[in-house]
Amino acid sequence: AMKGDRSRFLDAGMDGYIAKPVQPKELLSIIEQTVPKPQAAREHQPKPALQEIIDWKRALAAVDGDSELVHELLRIFASGAPAILEKLRAGVEQKNAAAIEHGAHALKGSMSNFGAEDAVQASLRLETIARNGNLEHAAEGFEQLEREVQRLLDAIETLESEVTG
């Protein structure tokens, strides 16, 4: 490197300067000084009221801390859950234990990724009712699940509007 290169490049607007031969420790130090550190996952965390519904730590743990991926998964769930609920409703009306068990199981798996424990428990209850084949309480189990899923969908909508708004 020529004498004065560093100040000339920095004066020209460069964020950092390193001369050859590049030393790994020096390169890492320059990178740490010039590249902004990623925002903590808290940036897009739900407010405390929503954390009763969505367990943010659990959701992050499921995707190695990638908060953007959590948001994407929440959006995918929100777009697909209503159709699953409709199939479940039809299964309950038709007293189709296999359809009820399948739908409840699918919702349970998705919601467990977000730690939506109340909704997961409602789903498990309905799945168990269907698996046992006694559908006497399937309608009330479905209503409870539907309420919990709606609560989760409302929380997702609120969270997403906070992020984008």
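The values are calculated or read from the model by the stated rules, or taken from the named source; none is laboratory data. Since this is a predicted model, take the numbers as computed values, not measurements. Because the Cβ atoms are built from the backbone with ideal geometry, glycine has one as well, and the counts that use them run over all protein chains shown. For accessibility, only protein heavy atoms count, side chains too; no ligands or nucleic acids. Shrake-Rupley method; radii C 1.70, N 1.55, O 1.52, S 1.80 Å.
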Sorted peptide list for 59-71, 144-156, criterion being average Cβ within 10 angstrom, highest first: 144-156, 59-71
In the chain, lysine pairs closer than 17 Å at Cα, eight or more apart or cross-chain: 4
Sorting 110, 56, 82 by the position of each Cα along the dipole of the chain (Lys, Arg +1; Asp, Glu -1; all at Cβ), the one nearest the positive end of that ordering is 56
When the dipole is taken about the Cα centre of the chain, and only Lys, Arg (+1) and Asp, Glu (-1) are charged at their Cβ, what size is it in debye, to the nearest 20? 660
Just the number: Rg to Rh for the stretch 52-140, Cα atoms, Kirkwood Rh, two decimals. 1.04
In what order, largest first, do 161, 123 sit by accessible area if the probe radius is 1.4 Å? 161, 123
Treat each spin label as a single point 7 Å out from the Cα along the C-beta direction, and report the residue 23 to residue 75 distance in nm. 4.5
Could I have the simple spin-label model distance between residue 12 and residue 128, label points 7 Å from Cα toward Cβ, reported in nm to one decimal? 7.0
If you bin the C-alpha pair distances of the chain every 10 Å from 0, what whole percents do you get? 10, 29, 19, 14, 10, 8, 6, 3, 0
Could you give me the ³J(HN,Hα) list for the stretch 77-86, computed from phi with Karplus coefficients 6.51, -1.76, 1.60 and θ = phi - 60°, whole Hz, x at Gly and Pro? 4, 4, 7, x, 4, x, 5, 5, 4, 5
Any chance you could give the angle, 0 to 90 degrees and rounded to 10, that helix 24-34 forms with the longest Cα principal axis of the chain? 70
